[in-house]
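The values are calculated or read from the model by the stated rules, or taken from the named source; none is laboratory data. Predicted model, so just to flag it, every value in this text is computed and none were measured. Here the Cβ positions follow ideal geometry from the backbone for every residue, glycine too, while neighbour counts run over all protein chains shown. Each accessible area value is taken on the protein alone, full model and side chains, heavy atoms only, with ligands, DNA and RNA left out. Shrake-Rupley method; radii C 1.70, N 1.55, O 1.52, S 1.80 Å.
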Amino acid sequence: MAGKAKVKTTAKAKVSGRRRAPAPPAFDPDAGLAGIVAAARACRVCAAHLPLGPRPVLRAEAAARLMIIGQAPGTRVHETGIPWNDRSGLRLRDWLAMEEAVFYDAARVAIVPMGFCYPGVDAKGGDKPPRPECAPLWHPPLRAALPEVELTLLVGMYAQAKYLGKQRQKTLTETVRHWRDYLPDFLPLPHPSWRNTAWLKKNPWFESELLPELRKRVGKLI
């Protein structure tokens, strides 16, 4: 990316009460991916909406060939600053047949969720959706700075909605069932939450058909 020494993102500040949201951090285009990641980690745009405050969690290095796009951090991830550092992460690594040291090697696996910060709890007791400001603001420059990525795992409905758009099916189940249609660039997955154990039992094709292909493709990249 060439041009002026510093550029600012073009997202408009949103009004929260009488206060305007903080402007997105400026980043130096000459710093490349490292500069964008540093700016994203310093972002405070959604601070007024985050019950535990901002703590953007993401990992990426330019050599990564696999990208994982999930939803947003839970409380444990917020506390530790380590993505997928919970029971869902254990199941995801099992799906990938990937050791923890490889999973957290940012030079091999970029982890860029739809929302970088913990969004809080909704009225039903689950986590709120990822903040809508995050992905439009940060995903384009991050993906542009990750030219080696060959496969992106879309974990959950929010990632699938953004990246598959009109090509996704009416339900998450059908979208995942049609996983072959989105290769070689994308592979949709359900969220590995333990709340989805019943879903896995109702859809045995996921383990018998999709997981072997997932592990084969990921193994070649890693």
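Listed values, structure above:
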| quantity | calculated |
| --- | --- |
| Residue list for the stretch 103-146, restricted to those being in a helix (DSSP H, G or I) and of a type in the set (A, V, I, L, M) | ALA135, LEU137, LEU142, ALA144 |
| Residues located in the stretch 71-96, provided they are within 17 Å of ALA159 (Cβ to Cβ) and open to solvent by less than 40 Å² (accessible area, probe 1.4 Å) | ALA72, PRO73, GLY74, VAL77, PRO83, TRP84, SER88, GLY89, ARG91, LEU92, TRP95, LEU96 |
| Given (1) of a type outside the set (Gly, Ala, Ser); (2) open to solvent by less than 30 Å² (accessible area, probe 1.4 Å); (3) part of a helix (DSSP H, G or I), number of the condition ILE68 does not satisfy | (3) |
| Answer from GLU99, GLU150 - the residue that is open to solvent by 30 Å² or more (accessible area, probe 1.4 Å), closer than 22 Å to PRO188 by Cα and in contact with a helix residue (DSSP H, G or I) (Cβ under 7 Å, 6 or more places away or on another chain) | GLU150 |
| Hits in the stretch 184-203 - residues which are in contact (Cβ under 8 Å) with a residue 12 or more places away in the chain, of a type outside the set (D, E, K, R) and open to solvent by 30 Å² or more (accessible area, probe 1.4 Å) | PRO184, PHE186, HIS191, TRP194, TRP199 |
| Matching option when the condition is modelled with pLDDT under 95 and open to solvent by less than 60 Å² (accessible area, probe 1.4 Å), among GLY125, GLY165, GLY156 | GLY125 |
| Count - residues of the stretch 109-126 that are of a type outside the set (A, V, I, L, M, F, W, C) and more than 15 Å from the chain's Cα centre (by Cα) | 5 |
| Matching residues in the stretch 103-132 - criterion: being within 16 Å of VAL149 (Cβ to Cβ), in contact (Cβ under 8 Å) with a residue 60 or more places away in the chain and not charged (D, E, K, R) | VAL109 |
| Residue ID - farthest from PHE116 (Cα to Cα), chosen from residues in the stretch 147-183 that are within 15 Å of the chain's Cα centre (by Cα), touching a residue at least 12 places away in the same chain (Cβ under 8 Å) and assigned to a helix (DSSP H, G or I) | LEU164 |
